[in-house]
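The values are calculated or read from the model by the stated rules, or taken from the named source; none is laboratory data. All values reported here derive from a predicted model rather than from experimental measurement. Glycine also receives a Cβ, built like all others from the backbone with ideal geometry; neighbour counts cover every protein chain displayed.
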């Protein structure tokens, strides 16, 4: 048996729906949401129904003893 050091990376993405004024283009809507949206938009637990998570591992080249 041997020991290896790994790097674990977890990426989580969720897809909340937020209402913005009709006349906004996508860039304006993104600014609006960043500045006006309630904290729930950015909360993964509140949006758990749309949460998509991915975990990757990578063997590190150098093992530190």
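Which numbered condition in (1) surrounded by fewer than 12 Cβ atoms within 10 Å (Cβ to Cβ); (2) out of contact with any strand residue (DSSP E or B) (no Cβ under 9 Å at 6 or more places or on another chain) is the only one that residue 33 fails?
(1)
Listed here are the residues, each with its yes/no results for (1) at pLDDT 90 or above; (2) in a loop (DSSP other than H, G, I, E, B); (3) under 12 Å from the mean Cα position of the chain (by Cα).
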| position | (1), (2), (3) |
| --- | --- |
| 16 | yes, yes, yes |
| 22 | yes, yes, no |
| 30 | yes, no, no |
| 35 | yes, no, no |
| 57 | yes, no, no |
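Can you tell me which residue in the range 37-55 is farthest from residue 7 (Cα to Cα), limited to those that are part of a helix (DSSP H, G or I) and at pLDDT 90 or above?
49
Under 20 Å from the mean Cα position of the chain (by Cα) and at pLDDT below 90: is that true of residue 65 in this structure?
Criteria not met by residue 65.
Go through the range 10-28 and report how many residues are closer than 20 Å to residue 50 by Cα and surrounded by 10 or more Cβ atoms within 10 Å (Cβ to Cβ).
Within the range 10-28, residues that are closer than 20 Å to residue 50 by Cα and surrounded by 10 or more Cβ atoms within 10 Å (Cβ to Cβ) number 6.
Would you check which residues across the range 39-57 are exposed (fewer than 11 other Cβ atoms within 10 Å of the Cβ) and either without any contact (Cβ under 8 Å) to a residue 40 or more places away in the chain or within 9 Å of residue 14 (Cα to Cα) (or both) and list them?
Of everything in the range 39-57, those that are exposed (fewer than 11 other Cβ atoms within 10 Å of the Cβ) and either without any contact (Cβ under 8 Å) to a residue 40 or more places away in the chain or within 9 Å of residue 14 (Cα to Cα) (or both) turn out to be 39, 45, 48, 49, 52, 53.
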